[in-house]
Structure formats: C-alpha cells, structure tokens
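Since the structure comes first, as structure tokens, the remarks are kept for the end.
The values are calculated or read from the model by the stated rules, or taken from the named source; none is laboratory data. Computed from a predicted structure; not experimentally measured. Backbone-built Cβ (ideal geometry, glycine too); neighbour counts: all protein chains shown.
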Amino acid sequence: MSKIKFPVLLSALLLAAAPSFAVENRAIDPQQQVATIDAVVAVVNDDVITRHELNERLSTVISQLKKQGTPLPEQSVLEKQILERMIAEMLQAQFAKESGVRVDDTQLDLAITRIAQQNNFPTLTEFLTKLEADGVNVKKFREEIRAEIVSTRLREREVESKLIISDTEVDNYLTNKSKMGLDNDEYHLAHILVVVPEQASAEKIRAARERADHALAQLANGADFAQVAAGFSDAKDALKGGDLGWRPGDRIPPLFMNELQTLQRGQNTAVLRSPSGFHILKLVEKRSGSAPVVITQTHARHILIKTSEIVTEAEARKRILEIKQHIDSGAGFAEQAKRYSQDGSAQQGGDLDWLSPGQTVQEFEEAINKLKVGEIGMVQTQFGWHLIQVLERRNTDVSEQQKRQQARASIGTFKSEELYQDWLRQLRDRAFVEYRLEQE
C-alpha cells in the first residue's frame with residue numbers, strides 16, 4: 001500500500017513515530033533514570049512539560065527529519081526549538097479550555113475520516129489499523145489532530161473573524177499586482193522566521209536580529225537551508241525545512257515580492273524585517289501559472305445550524321432535518337433561513353450570491369457540485385450542519401468583481417498570518433513561563 005498522505009492540518013510531528021529518545025547512552029541507576037525522564041523542563045502557567053514528553057517529541061521529529069533527508073541541527077538547538085513549540089501549543093490549549101473551545105470525539109472522528117478518505121481508505125477502522133501497523137500511536141495521533149483543530153478554531157475566532165480589509169487596500173493591491181506582472185507567476189518558497197515579541201525591548205530585538213544574522217551566516221557558509229530552518233526558525237513549518245510550497249505571486253506580501261524578483265533559483269534573501277520579526281526567504285523554484293479564463297459559478301443559499309459546546313453534532317443534524325421537513329411540506333426556504341440559520345446570510349434568506357470554485361470549504365463545495373438546480377441537500381462541515389439549495393449555475397469570464405474577491409482573499413491570507421503571530425506573542429507575553437532545561 002502506498003505511503004499515507006496527510007493534509008496541512010496534520011503537523012509534521014505526526015508524520016512518523018519512533019521509540020522514545022534515549023536520555024543518555026550509559027548505565028545509570030534505575031531510580032536516577034526515572035527521575036531524569038520525569039524531570040520538569042518547563043513550567044507554563046499551572047502546567048508543566050516533562051523531560052519524558054520532550055524526549056518523545058524529539059524522537060519523533062528526529063525520525064521525521066531523517067525520512068525527509070534533512071541534515072540534523074545540533075541536538076541542543078533542536079531540543080530548544082521543540083520545547084518552544086510545545087510551550088506555544090500548551091498556551092493555546094490552556095486558552096482554548098478557558099474560553100470553552102473544544103472538539104468532541106464525534107467531530108474528531110469526522111476530521112480523521114476525511115484524512116482516511118483522502119488517502120483512499122474506505123473506512124476509518126482500516127485507516128487506523130494501517131497507522132498502527134506503521135508504528136503510529138493512534139491515541140496520540142488522535143489527540144494531536146484534536147489539538148490542531150482547536151488551534152484552527154482559535155485562529156478563526158481570535159484572528160480571522162476580526163480581519164478588516166478596506167476597498168483602498170484592494171485597489172492598491174490590484175494596481176501593484178498589475179505593475180509587477182504577477183498575474184501568472186507562482187513561487188516555491190522556503191523561509192526562516194525569527195519572531196520578535198510584541199513591544200519587545202531594544203535588547204530583545206537585537207537578540208532576535210543576531211539570531212537571524214547567525215542563520216544567514218550559516219547559509220552563506222554552505223549550510224543546508226532545511227537544516228538551518230529546523231534549528232533557527234520559529235515558524236510552524238520549521239521542522240519541514242521551512243518549506244512553504246507553491247504560492248501565487250498575488251499571495252506573497254510586497255515586502256517579500258520585491259526581494260524575490262532579484263533571486264535566481266536556489267538563492268536566498270538577506271535578513272528582512274516585518275512586523276512579526278526577521279525573515280530569510282529562499283526561492284526554490286519559479287513557474288508561470290495559468291488562471292482559468294472561464295469558471296463555473298453557482299448561485300446558492302443555505303441554512304446553518306452550528307455545533308458548539310452546547311449543541312452536539314447529533315442535535316444540529318436533527319434540527320436541520322426538521323427544517324428540511326418543513327420546507328418539503330411547503331415552507332419557504334428563505335423564511336426558514338431567516339428564522340433558524342446561524343449564519344450571517346440569514347437576513348438575506350440564506351442567499352450566498354454567486355460562488356466560485358475554492359470560495360467555500362471543500363465539503364460545502366463538493367455538496368453544491370452534486371446538486372442539480374433547484375435541488376436541496378444536506379452536508380456537514382467544520383462549522384456545523386448545512387441545508388443547501390442550488391438556485392442557478394453559469395459559466396462566466398473572471399469578472400472585475402471576481403478579481404476583487406480574489407484580491408481580498410490574498411490580502412487576507414498574509415494579514416491573517418501577521419495578526420496570528422501578534423496574537424501568539426500576546427498570549428506568550430501574558431503567560432508565566434519558567435525554563436528548567438538548563439537545570440537538569
């Protein structure tokens with residue numbers, strides 16, 4: 001059977017499983033060994049991270065880096081990098097718990113089922129059996145996926161819901177895009193990010209800059225970019241060598257785009273400063289993309305019943321079924337949407353206007369594509385249960401309105417990342433974190 005592929009949702013730390021990392025390769029007293037493994041390496045508010053937990057994560061990461069063919073950074077450097085990620089994860093988990101954000105087992109099973117389907121496994125059981133056969137601890141796998149979903153929901157609530165993009169920003173973006181000829185170019189990038197804390201002192205900014213300069217010096221001396229990223233970058237993709245994958249030019253911030261124009265394949269930039277910190281970008285490859293001239297748009301409306309800590313998946317589905325029965329019995333769709341839908345489109349009778357491919361989440365789009373004009377269907381997404389009706393379909397050239405929508409989405413992509421990094425820094429600044437790694 002082919003190797004299992006995981007979606008972006010799945011952290012690189014889950015892609016491999018390996019035995020716990022040995023503390024030291026020498027004979028020690030069993031009681032001393034237990035004490036060493038269970039030692040506290042960091043205190044995070046009222047929680048702790050133990051040596052055993054850090055060793056487990058370290059072992060998994062080392063195994064994954066070896067599978068990727070990435071040269072390993074010094075173990076002490078990698079250990080500190082991983083500890084920082086574990087602290088960030090714990091802070092988000094604590095905040096989620098305090099603010100009532102959780103993912104129940106039904107929602108978790110749904111997410112893992114989607115991963116199984118993407119890997120061509122007909123059932124969740126077969127998928128989990130395959131993971132176990134590959135040496136993956138399924139219980140830990142489930143909890144890591146749960147943590148990733150919680151993190152995504154926090155980002156949606158704390159960051160993306162507060163994004164404001166003005167028409168002036170869209171106008172400037174389209175003008176700059178046209179001047180730079182970025183309509184078709186796509187870039188395969190890797191990056192290193194050294195985060196600067198919010199309201200950082202001059203000393204902290206100087207320390208961050210020195211760290212970025214140190215990373216750049218290693219690159220100048222011929223070090224592998226992925227190795228340096230794993231050892232220095234604070235970005236979530238650091239342990240994947242900082243690989244950002246392919247990005248269309250219109251989704252790259254102008255600060256970076258200006259520098260990329262001067263690079264040849266395989267080259268990297270100097271240290272760049274942004275509000276979130278210091279960056280080094282590498283141009284892995286560049287290609288000319290091709291935007292579709294004609295797209296199929298669907299005019300649809302929907303009714304959404306959200307799932308939450310109070311409303312379970314089963315209850316949301318029951319409510320949607322009841323609403324569908326009312327509509328099947330002659331009630332108006334728009335009337336039912338105004339009365340029951342928990343989406344911002346409720347006052348418009350659930351009308352979503354014309355939708356283009358990629359404008360909604362995958363499950364919603366797939367459900368729409370299967371419906372005929374006038375037909376009503378149900379679908380579950382990460383937001384809850386939807387009742388959908390397709391009103392019309394049309395083939396159209398990419399209009400000015402569509403271009404503006406795409407521009408707004410592109411601006412939102414990099415503004416969201418900046419705001420997310422700001423939010424993480426604020427979360428960290430408010431927390432009590434005590435390092436005990438050096439005290440062992």
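Values for this structure:
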quantity: Test for ILE327: is it closer than 23 Å to GLN117 by Cβ, touching a residue at least 24 places away in the same chain (Cβ under 8 Å) and part of a helix (DSSP H, G or I); calculated: no
quantity: Tally, over the stretch 305-320, of residues that are surrounded by fewer than 17 Cβ atoms within 10 Å (Cβ to Cβ) and either not assigned by TED's automatic domain parsing to the domain that holds GLY358 or not in a helix (DSSP H, G or I) (or both); calculated: 6
quantity: Conditions (1) in a loop (DSSP other than H, G, I, E, B); (2) at negative phi; (3) touching a Lys or Arg at 6+ places or on another chain (Cβ under 9 Å); number of the one not met by ALA235; calculated: (3)
quantity: Flag if LEU244 is closer than 24 Å to GLU84 by Cβ and of a type in the set (A, V, I, L, M, F, W, C); calculated: yes
quantity: Of all residues making up the stretch 145-158, the number that are surrounded by fewer than 17 Cβ atoms within 10 Å (Cβ to Cβ) and among the acidic types (Asp, Glu); calculated: 1
quantity: Test: ILE368 is more than 28 Å from GLY241 (Cβ to Cβ), outside any strand (DSSP E or B), under 26 Å from the mean Cα position of the chain (by Cα) and not small (Gly, Ala, Ser); calculated: yes
quantity: From LEU387, LEU419, residue being of a type in the set (A, V, I, L, M), in contact with a strand residue (DSSP E or B) (Cβ under 9 Å, 6 or more places away or on another chain), touching a residue at least 24 places away in the same chain (Cβ under 8 Å) and on the phi < 0 side of the Ramachandran plot; calculated: LEU387
quantity: Among the candidates ALA230, ALA207, ALA217, residue that is modelled with pLDDT of 90 or more, under 25 Å from the mean Cα position of the chain (by Cα) and assigned to a helix (DSSP H, G or I); calculated: ALA230
quantity: Qualifying residue in the stretch 258-273 (condition: small (Gly, Ala, Ser), at negative phi and in contact with a Pro (Cβ under 8 Å, 6 or more places away or on another chain)); calculated: no
quantity: Among (1) touching an Asp or Glu at 6+ places or on another chain (Cβ under 6 Å); (2) at pLDDT below 95; (3) surrounded by 13 or more Cβ atoms within 10 Å (Cβ to Cβ), the one test that GLN359 misses; calculated: (1)
quantity: Selection from the stretch 75-95 of residues that are within 12 Å of ALA42 (Cβ to Cβ) and either in contact with a strand residue (DSSP E or B) (Cβ under 6 Å, 6 or more places away or on another chain) or of a type outside the set (Asp, Glu) (or both); calculated: LYS80, ILE82, LEU83, ARG85, MET86, ILE87, ALA88, MET90, LEU91
quantity: Test result for SER76, small (Gly, Ala, Ser) and free of Cβ contacts under 8 Å to residues at least 12 places away in the same chain; calculated: yes
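So that you can scan it fast, the table gives a plain yes or no per residue for (1) over 29 Å from the mean Cα position of the chain (by Cα); (2) buried (at least 18 other Cβ atoms within 10 Å of the Cβ); (3) in a strand (DSSP E or B); (4) modelled with pLDDT under 95:
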site	(1), (2), (3), (4)
LEU255	no, no, no, yes
ARG265	no, no, no, yes
ILE303	no, yes, yes, no
GLU322	yes, no, no, no
